[in-house]
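The values are calculated or read from the model by the stated rules, or taken from the named source; none is laboratory data. Just so we're clear, the structure is a prediction, and the values are computed from it rather than from any experiment. Cβ placement follows ideal geometry from the backbone for every residue including glycine, while neighbour counts extend to all protein chains displayed.
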Amino acid sequence: MSVIYRALVTEEPSPNVFQRSIMELSTDDLPDNDVLIKVLYSSLNYKDALSARGHRGITRKYPHTPGIDVAGIVVCSKVSDFKEGDEVIVTGYDLGMNTPGGFGGYVKVPASWIVPKPEQINLHDAMMFGTAGFTAGICIYELQKHDIMPGSGKILVTGATGGVGALALCILAKLGYDVVASTSKLHYEEFLRKMGAKEVLRNTMILDITTRPLLSSQWLGAIENIGGGTLSSVIRSTQQHGCVCVVGNVSGDVLTTSIYPFLIRGVTLCGIDSASRPMDQRLFVWDKLAIDWKVELPGAFLNTIKLDSLDKEITKILEGKQTGRVVIEHDH
Ligand SMILES: NC(=O)c1ccc[n+]([C@@H]2O[C@H](COP(=O)([O-])OP(=O)(O)OC[C@H]3O[C@@H](n4cnc5c(N)ncnc54)[C@H](OP(=O)(O)O)[C@@H]3O)[C@@H](O)[C@H]2O)c1
């Protein structure tokens, strides 16, 4: 079968000049993978915005349809694991990087990338979580694997108004953790407190630009979305046997530290690679997000839009001005 669908496409009309527009594409031109999915919802993540802006570290060839996550319905499948009508979720792998992604109305992916949608969550809410929520879930899975449980100490979440940050804060608070939120947008303090933060700090308050190998120990765990000097400061202020989940690089990708937080305090640095997590962890975390870790974001942190409004949201997330999650609803 062949269907024409709308997609936000980034083209490269001349070398290193990128432009975005809504185009009509055909499912005939999708890669020859196992399962064709009609995308009902996708979401906007920082990585999507980089791909949509033109970023060869993420997307090698343009024209390209970004969108690293989708929730939708199987249209046809070459494998017996999935059949027409199944409701499914895909996040990560190569989706939206070099495989056409969720900013288009259809995707075709290998069956091994697909998570059957848990019954207890609908397709919209699956993308309210999307890659950001799945990543927050993986961080909590890792903290718990390191025996960091509610009541054992403070958990710091940086970039708390962002997608990963806001969802991590809500889930941790729901589970009973003492969450400290750090943000550049202190005018959202009231929202962050309502979402469960016990303390809200301006992000500059956790940044230490000295070369001191250790700072006073404050956090038992951290979900660190910023990178650079923030990550270095967080590692140095993590307490004995604490664990820092390294998630993001919005403000830098170079880490400067000494070995003392690891030798003296036994701190664990836990790399978070949500795009390539194995399927057993995906099933575990999606099941949790659908039931025990299910949360709602306040209205100001959840924006469901149509494809035509996506371009301006991409600009906003690149400027660090986005709050919470943007869900894209496709018309079919
Ligand atoms: N490792 C993984 O598997 C994985 C998965 C998903 C995302 N990520 C990465 O994690 C990070 C967060 O992703 P996201 O989707 O949550 O992005 P997002 O929605 O854009 O949130 C990022 C937040 O970081 C803060 N921020 C933005 N620009 C900044 C800057 N230049 N300096 C300091 N703070 C800044 C802002 O929060 P405040 O104003 O509240 O501080 C912003 O809301 C990104 O780097 C993303 O690529 C990694």
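Structural remarks
- Residue in segment 208-217 that is of a type outside the set (S, T, N, Q), closer than 30 Å to I89 by Cβ and within 16 Å of the ligand (Cβ to nearest atom) present: no
- Taking segment 289-316 as the range and being touching a residue at least 40 places away in the same chain (Cβ under 8 Å), more than 15 Å from the ligand (Cβ to nearest atom) and among the small types (G, A, S) as the test, only A290 passes.
- Residue within segment 124-132 that is over 19 Å from M279 (Cβ atoms), of a type in the set (D, E, K, R) and within 19 Å of the chain's Cα centre (by Cα) present: yes
- Applying the condition of being in contact with a helix residue (DSSP H, G or I) (Cβ under 6 Å, 6 or more places away or on another chain) and over 21 Å from L207 (Cβ atoms) to segment 142-170 and asking which residue is farthest from the ligand (Cβ to nearest atom) yields L167.
- In segment 254-288, the residue that is surrounded by the fewest Cβ atoms within 10 Å (Cβ to Cβ) out of those that are outside any helix (DSSP H, G or I) and within 9 Å of the ligand (Cβ to nearest atom) is G271.
- Top-ranked residue of segment 230-253 - restricted to ones that are modelled with pLDDT of 95 or more and hydrophobic (A, V, I, L, M, F, W, C), ranked as nearest to the ligand (Cβ to nearest atom): V247
- Scan of segment 189-200 for residues that are over 20 Å from the mean Cα position of the chain (by Cα) and within 10 Å of the ligand (Cβ to nearest atom), ordered by number: V200
- Members of segment 302-332 found to be farther than 29 Å from G176 by Cβ and part of a loop (DSSP other than H, G, I, E, B), listed by number: E319, G320, K321, H330, D331, H332
- Any hit, segment 135-149, residues being within 13 Å of the chain's Cα centre (by Cα), of a type in the set (G, A, S) and not in a helix (DSSP H, G or I): no
- Looking across segment 289-301, just one residue is surrounded by fewer than 17 Cβ atoms within 10 Å (Cβ to Cβ), outside any loop (DSSP other than H, G, I, E, B) and hydrophobic (A, V, I, L, M, F, W, C), and that is A300.
- The set of residues in segment 111-124 that are in a helix (DSSP H, G or I) and touching a residue at least 24 places away in the same chain (Cβ under 8 Å) comprises A111, S112, L123, H124.
- Positions within segment 317-332 being within 12 Å of the ligand (Cβ to nearest atom) and either more than 23 Å from Y141 (Cβ to Cβ) or surrounded by fewer than 18 Cβ atoms within 10 Å (Cβ to Cβ) (or both), in sequence order: I317, L318, E319, G320, K321, Q322, T323, V326
- Residue that is nearest to the chain's Cα centre (by Cα), among those in segment 201-236 that are part of a loop (DSSP other than H, G, I, E, B) and surrounded by 23 or more Cβ atoms within 10 Å (Cβ to Cβ): N225
- Verdict on V107 being over 22 Å from T65 (Cα atoms) and not polar (S, T, N, Q): no
- Among the numbered conditions (1) without any contact (Cβ under 8 Å) to a residue 40 or more places away in the chain; (2) over 21 Å from M149 (Cβ atoms), the only one that S274 does not meet is (1).
- Test: residue in segment 175-183 that is more than 16 Å from the ligand (Cβ to nearest atom) and buried (at least 22 other Cβ atoms within 10 Å of the Cβ): yes
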